[in-house]
Amino acid sequence: MRSIGKSFRKKDAMALVTGKPVYTGDMIDKNALVVKILHSPHANAVIEDIDISAAMKVTGIEAVYTYEDVPQNRFTMAGQTYPEPSPHDRLLLDRHVRFNGDAVAIVAGENVKAVDKALKLIKVKYKVLPAVLDFRSAKDNPILVHPEEDWEAMCPVGADNRRNLCAREEDGYGDIESVLQSCDVVLERTYHTKANSQAMMETFRTYTYLDTYGRLNILSSTQIVFHIRRIVAHALDIPKSKIRVVKPRIGGGFGAKQTCVTEIFSAFVTWKTGKSAYIEFDRQESQISGSPRHEMEMYVRIGAMKDGRIRGIDLYTLSNTGAYGEHGPTTVGLTGHKSIPLYHRYQEAYRFSYDVVYTNLQAAGAYRGYGATQGLFAIESIVNELAAHLKIDPVELRNMNLIQEGDVSRAYYSEPCNSCTLDRCLRSTAERIKWNEKYPSRDMGNGKIRSVGVAMAMQGSSISNCDVGGATIKLNDDGFYVLNVGAADMGTGSDTVLAQIASEVLECNYDNVVVFSADTDTSPYDSGSYASSTTYLTGKAVEQACIRLRESIQNIGAALLKCDVDVTEFDGEYVYCLEEEGEGVSLKDIATASMFNNGYETQFTSSARSSVSPPPYMTGMVEIELDKETGEVRVLGYEATVDCGTVINPNLARLQTEGGIAQGIGMALYEDITYDSLGGIRENSLIQYKIPTRQDVGRINVEFEASYEPTGPFGAKSIGEVVINTPSPAIVHAVYNATGAWIRELPVTPEKILKAFEDGQHI
C-alpha cells in the first residue's frame, strides 16, 4: 500500500499550529454587525408585552427583532436528511418560550458594547406558566410543552404533542416474556445518564453577508452545510438558490454542530438589513442554549442460564428531548440497536421500546455516540452485574456470548456481520492490562484500592439506506489533483484520510492531492459529517470517483501513445503501452494534453450510499485507584482495542480513540448538569461544569485488531463515535470491584461512593 495504513500528517496541521486565520471568527468583516440573543429567564412562559423602544435608542444599534418580526414557518434545527424525523416545532422567535435560555429577541448593532447595553434595556412582561421539569412525569402530563396547532411531525415516529411525545416505538423478536420466564437468572435494573455538554473548544458562531448577486452567504462552524442551507431557507421563507453555506476549519464539534444553533439568527439579520453580521455564543450561552446529550433513563431486564448463556434482553428507554425535538426521534434508537446485538450468540428474544418526551428544559441534540453511549452504559453495566451474580469472570462471560463475524443479528436490523474481530479485541485488551492478575481488586494497604473494569461497544458506519457521500476529483495541469468533498473536517483529520484514499487509488504522492471541502455551491452533495459516515461513505465516493479518473487518464494516455487502452498500464506517474517498449507518457504530459482538443473527462463526481451500516467494535478496560476515605476515583490507565476495519491512518485513528476515551471518562466521573427551581442550568461555565484534563485520564493505550469490511473503502469502517462508549460502564464496574456497590446513575461522584460505603446500598 502506498498511502493506506500510513500515518500522514494532517493537511491543515501547520496552519493550525502556526496560528493562521482559518476559523470562522478569523474571516469576519470588521464592519459586520454584532448579533446577540436575549434569552428567557423562565422555563415556560408567554410574552405578554415586549418593549424595545429604549434599546433602539442606544447609539450604534441597527435593529431589534421580536416574535412579531419573524416568519411563522415552524422548522427543526436538527441536521438530518429531509423529511426530518424530528418534528417541526420551532419558530425563529416565538411568543411562547419553552425553556430557561430560549431565544426572546435578536439585537444587532455596530459593536459589542452597544448590543450589550441594548439587551439590558429590553423590557419583557411574561405570563409565567407551570413547567414540566421532570422527564419521568412528562408523558401525558396536563402541562403541554407544545400546545400549538401548527406543530407538525414530518415522519411517522410516534410523535404526539398532545401527550408531550416527540417519538415512541416498540421493536423486538421472539417471545421475550416466555424466554425470560424460562431463564435461571433474570436481573432487572434501572440506569440513568444525565445531559452532557460537548464543551468543544470553539463555541457556536456564524458570519453572514450578501454577495455581489444578493445571495445570502453563511460562513459557519458547522458539520452540515447542506442541511443548514435547507433549514435557513425554510425558516426565513426564502429560496435555497439564494443561500450559500461554507465551512472553514472547525474547532471541535462532537455532534453539537449537527444542529443549526446560531446560523439562523445572523442569517435573519443579514437578510433583513442587507449588512454583514456575526454571532458568537460565549461559553455560558453554549452551555444553556446549545444542543447537549439527551438525558435518558433505561430500564433493563436480562435473562441468562447459570452457565452464562444470555438468552433474552428487554430494554425500555425514556429519553428527555427537552423543549424541542432536535434529534430526539433518532438518538433513542441507538440505545437498543447499538447495544443489544453485542450479545447475539445465544439470544432467543429481545424487546426494545422507548418514549421520547418533551420537557421545559434545554433542548437536547447530537453528541458523539448519539444514544449508543447511553444504551451501552445500561447494557454493559447489567452484563457486569450478571457476571457478578453468576460468579463468572466478566471477560469470559462476554467471550461466551459476543457476536461474531458471519452472524446476522435481528436486533441490528438483520444486517449481516461481515467484519468483526471483537473476540480478538477482548483477548488483546485483557492481556495488555493483565486482567487475570488485577481482577477484581487489590487493597494497597494505604487506604486505597486498585481495581479494574471492562466494557464492550459497537456503533455504525453512516445511516444505512439514507446517507449519501459525495466526492469530486479533478486532474489539473502539471499532474496534481483537487479533491472536493461535501463532508466537514471538524478537527478529526477526515480531509487527510480522504486524501490518502485518493492517493492510494491514483498511486500518487499524498501531497499531490489538494483537498477542498464543504461549500454548498461547489462541493458535491454530502449528508454531512455525522453518524460516523465520513471515512466509510464519503471515502467510498472518493474511491469510486478516483477509479473513474484513472480510467480516463489511461484513455488519454493511450491516445497519445496511439495504442489500444486495453494494452496500457498506469502506475501513477506514467501510462505505458505494454506492446511497445519505451518510457510511456507522463502524467504531466497527459494533464497538459487534456486541455487541448481532448474528448475525455478529467473531472469525475461520485455519490455513495450503503444498504448496511457495518459496526466498528471496541473493548475497553480501565484500572482505577479509589480512596476509601474520600471516595475519590483516579484513573490510572485505560487499555482499548478497536476494530474499525482497515485502519487508514493509524495516528489519526489512535488520536480519535484517545479523545473519545477522555470524553467518556468525563461523562463517567465529572460532568454533571443540574437545574434550579426555574429550570436554569447551574453549570453554565467550565468552572462549574467539570471536564477532564490530561492529568485526569491516566495513561491511555490504544491498539487495533483490523478486520476487512467489504463494503468500505479498502475495507475501512468508522471510528469517530464508538470510542466514547466504553469508559462509563467500565469505570462503574471498576468502582463495584473496589467497593461492592453498583452505582447506576452518572456521574460517579465521591459523594455517591461514600454514601455507598456508609449504608451498603446500591445507588
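The values are calculated or read from the model by the stated rules, or taken from the named source; none is laboratory data. These numbers were taken from a predicted model, which means no experiment stands behind them. All Cβ positions, glycine included, derive from the backbone under ideal geometry; neighbour counts span all protein chains shown.
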| task | Return a yes/no flag: does region 576-586 have any residue that is outside the structural domain of Ser381 (by TED's automatic domain parsing), assigned to a helix (DSSP H, G or I) and in contact with a strand residue (DSSP E or B) (Cβ under 6 Å, 6 or more places away or on another chain). | result | no
| note | Across region 578-591, the tally of residues that are modelled with pLDDT of 95 or more and farther than 26 Å from Pro524 by Cβ stands at 4
| note | Of (1) surrounded by 20 or more Cβ atoms within 10 Å (Cβ to Cβ); (2) over 25 Å from the mean Cα position of the chain (by Cα); (3) within 30 Å of Pro729 (Cα to Cα), Tyr191 satisfies every one except (2)
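A quick yes/no check of all residues on (1) touching a helix residue (DSSP H, G or I) at 6+ places or on another chain (Cβ under 6 Å); (2) more than 30 Å from Gln284 (Cα to Cα):
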position	(1), (2)
Thr646	yes, yes
Asn651	no, yes
Ala668	yes, no
Asp696	no, no
Ala706	no, yes
Ile731	yes, no
Val735	no, yes
| request: Could you tell me which of the residues Ser286, Ser221 is outside the structural domain of Leu33 (by TED's automatic domain parsing), hydroxyl-bearing (Ser, Thr, Tyr) and closer than 26 Å to Lys30 by Cβ? | output: Ser286
| request: Could you list all residues from region 254-286 that are farther than 18 Å from His227 by Cβ and in contact with a Lys or Arg (Cβ under 8 Å, 6 or more places away or on another chain)? | output: Val269, Tyr278, Ile279, Glu280, Phe281
| All positions within region 222-239 that are farther than 15 Å from Glu84 by Cα, touching a residue at least 24 places away in the same chain (Cβ under 8 Å) and surrounded by fewer than 24 Cβ atoms within 10 Å (Cβ to Cβ) | Leu236, Asp237, Ile238
| remark: When region 99-139 is checked residue by residue, the ones that are under 27 Å from the mean Cα position of the chain (by Cα) and under 25 Å from Trp271 (Cβ atoms) are Gly101, Asp102, Ala103
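Just need a number here: residues in region 576-595 that are surrounded by fewer than 16 Cβ atoms within 10 Å (Cβ to Cβ) and more than 24 Å from Leu483 (Cβ to Cβ).
Count: 6.
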| query | Only one residue in Glu623, Glu573, Glu639, Glu629 is surrounded by fewer than 18 Cβ atoms within 10 Å (Cβ to Cβ), in contact (Cβ under 8 Å) with a residue 12 or more places away in the chain and within 30 Å of Ile665 (Cα to Cα), so which one is that? | reply | Glu629
| task | Residues that are in the same structural domain as Ser409 (by TED's automatic domain parsing), among the aliphatic types (A, V, I, L, M) and in contact with a Pro (Cβ under 8 Å, 6 or more places away or on another chain): find the strands (runs of 3 or more DSSP E) completely inside region 424-536 holding 2 or more of those. | result | 448-458
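Looking at region 187-208, which of its residues are in contact with a helix residue (DSSP H, G or I) (Cβ under 7 Å, 6 or more places away or on another chain) and under 20 Å from Thr726 (Cα atoms)?
Across region 187-208, the qualifying residues are Arg189, Tyr191, Thr193, Asn196, Ser197, Gln198.
Does Gln362 meet the test of being more than 21 Å from Ser532 (Cα to Cα), crowded, with 24+ Cβ neighbours inside 10 Å, touching a strand residue (DSSP E or B) at 6+ places or on another chain (Cβ under 6 Å) and not aromatic (Phe, Trp, Tyr)? Break it down into steps so the answer makes sense when it comes.
Details: more than 21 Å from Ser532 (Cα to Cα): yes; crowded, with 24+ Cβ neighbours inside 10 Å: yes; touching a strand residue (DSSP E or B) at 6+ places or on another chain (Cβ under 6 Å): yes; not aromatic (Phe, Trp, Tyr): yes.
Here the answer is yes, as Gln362 does meet what is asked.
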| task | Please give the number of the condition Asn401 fails out of (1) out of contact with any Asp or Glu (no Cβ under 9 Å at 6 or more places or on another chain); (2) surrounded by fewer than 24 Cβ atoms within 10 Å (Cβ to Cβ); (3) within 23 Å of Ala738 (Cα to Cα). | result | (3)
| query | Out of all the residues in region 172-183, is one or more modelled with pLDDT of 95 or more, among the aliphatic types (A, V, I, L, M) and in a loop (DSSP other than H, G, I, E, B)? | reply | no
| said: Residues that are in contact with a Phe, Trp or Tyr (Cβ under 7 Å, 6 or more places away or on another chain), more than 25 Å from Glu573 (Cβ to Cβ), among the hydroxyl-bearing types (Ser, Thr, Tyr) and at pLDDT 95 or above: does region 532-550 have at least one? | reply: no
| message | I need a count of the residues in region 395-415 that are out of contact with any Pro (no Cβ under 9 Å at 6 or more places or on another chain) and not in a loop (DSSP other than H, G, I, E, B). | response | 7
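Could you go through region 46-65 and let me know if any residue there is within 30 Å of Val514 (Cβ to Cβ) and of a type in the set (Phe, Trp, Tyr). Don't jump to the end; show me each part of the working.
Our first condition is that a residue be within 30 Å of Val514 (Cβ to Cβ); within region 46-65, this holds for none.
No, region 46-65 contains no residue that is within 30 Å of Val514 (Cβ to Cβ) and of a type in the set (Phe, Trp, Tyr).
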| field | Residue match in region 77-99 (condition: surrounded by fewer than 24 Cβ atoms within 10 Å (Cβ to Cβ), among the charged types (D, E, K, R) and in a helix (DSSP H, G or I)) | value | no
| remark: (1) farther than 17 Å from Val612 by Cα; (2) surrounded by fewer than 19 Cβ atoms within 10 Å (Cβ to Cβ); (3) without any contact (Cβ under 8 Å) to a residue 60 or more places away in the chain; (4) in contact with a strand residue (DSSP E or B) (Cβ under 7 Å, 6 or more places away or on another chain) all hold for Lys438 apart from (3)
| task | Can you tell me which residue among Thr520, Thr534 is farther than 16 Å from Ser503 by Cα, surrounded by fewer than 24 Cβ atoms within 10 Å (Cβ to Cβ), among the β-branched types (Val, Ile, Thr) and in contact with a helix residue (DSSP H, G or I) (Cβ under 8 Å, 6 or more places away or on another chain)? | result | Thr520
| task | State whether the residues of region 48-65 include one that is aromatic (Phe, Trp, Tyr), in contact with a His (Cβ under 6 Å, 6 or more places away or on another chain), at negative phi and in the same structural domain as Asp237 (by TED's automatic domain parsing). | result | no
